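What follows is one structure encoded as structure tokens, with my remarks underneath.
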Amino acid sequence: MLSDKNILIGICGGIAAYKTAELVRSLKKQSAAVRVMMTAAARQFIHPLTFETLSEEPVLTDLFASELKPATVHIDWARWADLILICPATLNTIGKIANGIADNAVTTTLFASQVPVLFCPAMNKAMVEHPAYIQNEKRLIETGYEIVTPAAGYLACGEYGPGRLANIEEIIDSIRISLCPTRDLEGKRLLITAGPTREAIDPVRYLSNHSSGKMGYALAERARCRGAQVHLISGPVNLRPFRGVETTRVNSAEEMYKAVHDRFSSCDIFISAAAVSDYRAKEISDQKIKKEKGLPVIELTENPDILASLPKNRSQIVVGFSVETDDLIDHSIAKIKNKNLDFIVANNPSEQGAGFDVDTNKVTIIDKMGGIDSLPLMSKLEVADRILDRSTGK
């Protein structure tokens with residue numbers, strides 16, 4: 001989603017400057033174009049050559065550098081950018097910008113820009129808690145800039161507290177949100193389920209499925225980028241929730257059932273992307289089942305059907321998912337009727353690129369009026385946008 005975006009990073013003089021090298025590398029891997037500008041203090045911590053190598057662009061260190069057209073370089077670079085990121089943002093630079101001071105390449109270029117600006121503060125906990133910093137941060141926010149809140153943790157001085165540079169992943173999340181071309185879901189409340197469920201057999205074994213949760217997490221990411229308030233109910237997966245997505249983690253189908261019913265009344269759109277286990281063990285052994293006792297017989301009982309259990313007379317848009325290996329359309333249409341869905345997203349995991357634990361999907365969207373829209377193979381983020389478009393009547 002960052003392809004062809006121009007991101008201008010201003011690096012200030014803090015020890016966290018070394019982490020910006022990894023940020024530049026990550027943005028380049030996501031096909032963004034990156035340029036770097038540095039204060040004199042930043043160059044005491046890391047050499048500009050590092051960023052020239054990683055960004056494949058010259059680094060702006062001086063407004064009067066002859067090789068970069070000194071008369072207009074700050075204007076040229078400000079116009080080039082789609083977004084400016086100050087990372088790390090020091091108390092000194094934040095104070096300058098909050099009070100309208102432009103005395104170096106970073107601050108002057110920022111004031112010449114008309115694009116979104118994100119600040120990623122990083123400093124000692126005493127500095128981040130100082131009244132002067134708090135006041136200056138407030139001024140930045142009132143101006144329309146965004147602060148990527150620093151994390152708490154061990155600082156360079158050995159102390160523990162707030163002031164660590166936010167995780168690289170969260171910074172990139174913030175960039176994605178700022179660069180999202182539409183905020184059409186502002187004011188909407190989405191409830192999304194994702195991942196598998198695990199149904200215990202004994203303390204060490206369980207029944208589950210191959211769901212990775214990637215489709216549900218992609219839906220949560222795109223909804224959040226488009227301005228929605230998102231609550232994600234996630235089964236056990238190895239994925240990180242997108243920044244700003246409230247997340248409830250569950251294991252079993254019964255836990256997911258309860259979590260959905262606790263929150264359904266407060267949502268506008270419910271998207272059930274989780275692969276909920278249909279069955280669970282009727283009796284769960286308190287002790288590990290020993291193979292020496294012979295082949296165990298495990299009696300199963302049916303799990304509650306979350307979608308079918310929702311109120312029939314409801315105002316929410318409800319979207320289901322259908323994973324079928326045969327008669328995809330017929331089975332999916334039957335689910336729309338049986339579960340009172342507005343539409344269903346159907347796919348066959350045996351098709352190339354549409355299986356579990358991949359970053360692409362090939363789906364067919366079927367609505368309750370019988371409309372069928374078969375989409376080509378695309379990324380799960382693109383599929384998520386198509387589902388969200390349909391959820392809002394586009």
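Once the C-beta distance of Asp62 and Arg183 is scaled by a Förster radius of 25 Å, the resulting FRET efficiency is 0.10 to the nearest 0.05.
Pairs exceeding a 30 Å alpha-carbon distance, out of Lys29/Lys362; Lys5/Lys362; Lys5/Lys368; Lys214/Lys258; Lys29/Lys368; Lys5/Lys380: Lys5/Lys368; Lys29/Lys368. FRET efficiency for the pair Thr325 and Lys282, taken as 1/(1 + (r/R0)^6) with r the Cβ-Cβ distance and R0 = 25 Å, rounds to 0.40.
Annotation: amide H of Ser322 within the under-5 Å range of Val345, Ala346, Asn347, sequence separation 5 or more or interchain, hydrogens built in the peptide plane. Each of Leu8, Ser265, Gln316 was placed along the dipole of the chain (beta-carbon charges, centred on the mean Cα), and the one lying farthest toward the positive end is Ser265. Across the alpha-carbon set of the stretch 219-281, the Rg to Rh ratio works out to 0.96, Rh being the Kirkwood radius.
Each Lys and Arg adds +1 at its Cβ and each Asp and Glu adds -1 at its Cβ; summed about the Cα centre, the chain shows a dipole of about 440 debye. Under 16 Å of direct C-alpha separation, and excluding same-chain neighbours fewer than eight residues apart, Lys293 reaches these aspartates and glutamates: Asp202. Phi angles across the stretch 252-265 convert, under the Karplus curve 6.51 cos²θ - 1.76 cosθ + 1.60 with θ = phi - 60°, into 3J(HN,Hα) values of 8, 4, 5, 5, 5, 4, 5, 5, 5, 5, 5, 10, 4, 5 Hz, Gly and Pro given as x. Taking every Cα-Cα distance in the stretch 252-394 and sorting them into 10 Å bins from zero, the calculated P(r) comes out as 10, 35, 32, 15, 7, 1 percent.
Scanning the chain for cysteines with no neighbouring cysteine C-beta under 4.7 angstrom from their C-beta gives Cys12, Cys157, Cys267. Starting from the Cα gyration tensor of the stretch 15-121, take the square roots of the eigenvalues, sort them a ≥ b ≥ c, and report rounded, prolate or oblate (rounded when a/c is under 1.5, otherwise prolate if a/b is larger than b/c, else oblate). Note, shape of the stretch 15-121 comes out rounded. Length gained on full extension, Ser266 to Lys28: 81.7 nm, using 0.36 nm per residue less the C-alpha separation. In the chain the Cα-Cα distances spread across 20 Å bins starting at 0 as 24, 44, 27, 4, 0 percent of all pairs. Kirkwood radius and radius of gyration were both taken over the C-alpha atoms of the stretch 102-142, and their ratio Rg/Rh is 1.02. Loop sites here are GluC sites (Glu not before Pro) outside DSSP states H, G, I, E and B with no more than 16 other Cβ atoms within 10 Å. The longest part of the chain free of them is 187-282. With the simple model of a label 7 Å out from the Cα in the direction of the Cβ, Leu239 to Lys138 spans 4.0 nm.
Using C-alpha pairs under 8 Å with a sequence gap of at least 6, the mean separation divided by the residue count of the stretch 189-391 gives a relative contact order of 21 percent.
Since every read-out is calculated from the coordinates, none of them should be taken as a lab result. Predicted, not measured: the structure shown is a model, and the values here were computed from it. No Cβ is skipped: glycine too gets one built from the backbone with ideal geometry, and neighbour counts run over all protein chains shown.
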